[in-house]
Amino acid sequence: EGPFDPNIEFFGYAGLMPLGLAITALGLRRDRRVWFCVAIILVALSLAIGNYNPFYDLLYNVPIFNRFRVPARFLLWFIFAIAFLAALALDELARKLEEDDRPRRAATGIAIAFGILIVAAFLAAYNLAWEFWLDAWHLLPYAFGGGALLILLAARLRKIGSSVFLALALGLTVFDLTCFVAPFLFTTSRMVLPEAMSPIPRSVAAMENTRELYRVLAYRNIHTSDAAARASLQPTLPTVYGKEGFDNYIGLPLGRNNTYHETMSPAMFNLANIRYYLVPIEP
């Protein structure tokens, strides 16, 4: 299962090179800034797991905080702290490494090579299938993690100059993040041309169009293609084809409203005047 709109907020990724640098920072510096970031990381992760934290329910008794939604959003704190620690380690390692003209020239070549890789990954993101990227990410963590480990090991052993280290670390990070966002292009906030919405789906044509107004409800707890989403009249689409939708999209839905939707009985369907319940089927 890959990223799509319902789970987009559950992804927090800083890259494996920054993660390795953040861990390295603990061995390089142990001042107040480092320990403050460590505290942020621990607090953020404990909050991000929500109900899996046995103490999380106690926070519902804390005014203001108990109005916050989606525990996974605390991953933003985690990413911020990781980025800060990574920057500290990057600066500290680069400062300790010696420099001369030869590594500086090598760094230019490394930067150009990574630039080509990043452009290639950017183009591939728009031209390769979603399934390709999901399969690739079964292997890419090993490649990026192994590369980060080698770079950090070479830097700690002073086998490379500061320019080469910076070029490798920054190049690998940007390449890693470029590959990471590729699957999101296919599954989140998808946009289509207005002409694609013009043809009336067969599901709409098959509906009864002579009786008075009624509502339609779509099952939306699975990822679907654009064609399947239109055919099943996913939220906000019924009005495009002159139908009344029961479950329109709401950015911040009420908990009781969601519970009502998920536990509806046939009698509740009738009470809500729902005539058709649509389940997506891929063409």
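The values are calculated or read from the model by the stated rules, or taken from the named source; none is laboratory data. On a predicted model such as this, the values are computed, not experimentally measured, just so you know. Note that we place each Cβ from the backbone using ideal geometry, even for glycine, and neighbour counts take in every protein chain shown. Only protein heavy atoms, including side chains, enter the accessible area calculation; ligands, DNA and RNA are left aside. Shrake-Rupley method; radii C 1.70, N 1.55, O 1.52, S 1.80 Å.
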Practice item. Taking the chain as the reference, fit the longest principal axis to its C-alpha atoms, fit the long axis of helix 162-181 to the helix C-alpha atoms, and give the angle between the two in degrees, 0 to 90, nearest 10. Key: 10 degrees
**Study point:** Alpha carbon convex hull of the range 25-112, volume per residue in cubic angstrom
**Key:** 136 Å³
Study note, to complete from the structure: Calculating Cα extents along the principal axes in Å from this structure picks out, from (i) 82, 49, 26; (ii) 94, 32, 27; (iii) 61, 48, 43, entry (i)
Review point. Measuring from label point to label point, each 7 Å out along Cα→Cβ, what is the Ala227 to Glu98 span in nm?
Key: 6.4 nm
**Study point:** With eigenvalues of the C-alpha gyration tensor scaled by 5 and rooted, the range 90-175, Å
**Key:** 28, 15, 8
Practice item. Kindly report the accessible area of the range 11-124 per residue (heavy atoms of protein chains, probe 1.4 Å, no ligands, DNA or RNA), in Å². Key: 64 Å²
Review point. Efficiency by 1/(1 + (r/R0)^6): what FRET value for Phe122 and Leu45, r their Cβ-Cβ distance, R0 = 25 Å, to the nearest 0.05?
Key: 0.20
**Study point:** Estimated FRET transfer efficiency when R0 is 51 angstrom, pair Ala106-Asn270 (beta carbons, to 0.05)
**Key:** 0.10
Practice item. With everything on Cα atoms, drop me the angle between helix 75-96 and the longest principal axis of the chain, reported from 0 to 90° to the nearest 10. Key: 20 degrees
**Study point:** Extension reserve of the Val279-Phe55 stretch, reckoned as 0.36 nm per residue once the Cα distance is removed
**Key:** 76.8 nm
Review point. So what does Glu195 come to for accessible area, using a 1.4 Å probe and Å² rounded to 10?
Key: 120 Å²
Revision key, fill the gap. Length gained, Ala136-Asn7, 0.36 nm per residue minus C-alpha separation, equals 44.4 nm
